[in-house]
């Protein structure tokens with residue numbers, strides 16, 4: 001087993017994650033035959049098959065599942081040793097694998113990446129946009145360094161740092177702009193448009209309207225906030241969106257925006273990372289910059305009257 005290498009583990013980890021030789025090879029920036037050779041070598045070293053090879057995709061054997069989990073643990077530990085060395089030497093991290101939920105990413109990421117490039121010019125930022133559940137899993141697996149999510153996530157292994165609070169606003173048709181703003185009870189009687197299951201913002205909207213999940217069948221769903229706003233503009237119903245989405249998602253839709261009565265619904269946006277990450281102090285510095293950009297964005301939106 002002395003010939004087992006980190007390359008074997010990284011290539012097999014990519015194959016286990018993607019379930020496809022071509023996509024795994026692209027992820028590792030190698031050719032598919034080169035990756036296939038490394039996987040075959042790993043199987044020969046272990047003396048047993050790790051992969052069931054199909055025409056279109058692969059499936060891990062029982063041993064393959066076990067090895068994939070152990071390989072991920074090893075790779076995470078190695079990455080953290082490298083981070084520990086950089087922290088001990090006083091060097092700032094060179095790469096930031098940052099996850100962001102879809103109801104924050106389109107609005108905050110452009111300004112944030114520019115701000116990070118200006119303050120940390122040698123930092124390679126690699127953003128990933130997906131839902132909270134996936135981000136938390138990727139953090140635990142060591143695939144991400146940090147994530148921007150709605151708090152709390154209540155995961156004991158993670159550090160949670162609150163960044164900024166933002167209100168939800170009501171989006172309705174232009175014809176409804178002169179009507180009184182409905183209260184939560186009245187909203188329950190309207191056709192409420194929601195994000196698909198898996199989005200934490202969906203659950204927050206249901207909570208404000210005091211609708212217990214699972215949502216009633218007559219509620220309509222969309223894949224993004226922009227889709228929901230366009231549906232409202234077409235007269236299909238109403239929706240709630242976070243304040244930072246107003247400037248982008250409502251600019252091309254025939255809709256009106258209204259603030260909900262106090263206590264208005266809101267969410268706390270924060271940044272989370274593994275407590276075991278030795279670069280926690282540096283991630284805390286980055287979170288300060290995320291806070292600055294988030295507050296600046298919300299301030300600009302408020303000044304424009306959104």
| field | Zero-based 10 Å bins, Cα pair distances in the range 143-213, whole percents | value | 14, 39, 29, 13, 4
| task | Treat each spin label as a single point 7 Å out from the Cα along the C-beta direction, and report the residue 197 to residue 254 distance in nm. | result | 3.5
| How long is the range 167-266 along each principal axis, judged by its Cα atoms, biggest number first, in Å? | 31, 28, 24
| remark: Taking N as the number of residues in the range 90-242, the ratio of its alpha carbon radius of gyration to 2.2 N^0.38 Å works out to 1.21
| query | Å³ per residue of the Cα convex hull, for the range 260-304? | reply | 78
| task | May I ask what percent, to the nearest 5, of DSSP beta bridges between residues of the chain are antiparallel? | result | 65
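Counting DSSP beta bridges with both partners in the range 167-266, what percentage is antiparallel, nearest 5?
The antiparallel fraction comes to roughly 65 percent.
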| message | Using helices alone, I'd like the mean residue ellipticity at 222 nm for the chain: each DSSP H run of four-plus residues gives -39500 (n - 2.57), total over residue count, nearest 500. | response | -14000 deg cm²/dmol
| query | Taking every eigenvalue of the Cα gyration tensor of the chain, multiplying by 5 and rooting it, what semi-axes result, largest first, whole Å? | reply | 42, 24, 16
| request: Give me the angle, in degrees from 0 to 90, between the Cα long axis of helix 6-18 and the longest principal axis of the Cα atoms of the chain, rounded to the nearest 10. | output: 40
| message | Using 0.36 nm times the number of residues separating residue 264 and residue 46, minus their current alpha carbon distance, what extension gain do you get? | response | 72.6 nm
| said: I'd like to compare 292-302, 56-66: which one has the highest average count of other Cβ atoms within 10 Å, and what's the full order after that? | reply: 292-302, 56-66
| remark: Taking every C-alpha to C-alpha distance in the range 6-86 and binning by 10 Å from 0, the per-bin percentages run 19, 52, 24, 5, 0
| said: How large is the direction-averaged shadow of the alpha-carbon convex hull of the range 1-41, in nm²? | reply: 2.5
| request: Just subtract the alpha-carbon distance of residue 34 and residue 223 from 0.36 nm times their residue separation and send over the number in nm, one decimal. | output: 64.3 nm
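Taking every eigenvalue of the Cα gyration tensor of the range 229-279, multiplying by 5 and rooting it, what semi-axes result, largest first, whole Å? Mind dumping the intermediate values first?
On the way: eigenvalues 210, 45, 17 Å².
Taking √(5λ) for each Cα gyration eigenvalue gives 32, 15, 9 Å.
Coordinate-derived values only; no laboratory data. Note that the coordinates shown come from a computational prediction; the quantities given were computed from them, not determined experimentally. All Cβ positions, glycine included, derive from the backbone under ideal geometry; neighbour counts span all protein chains shown.
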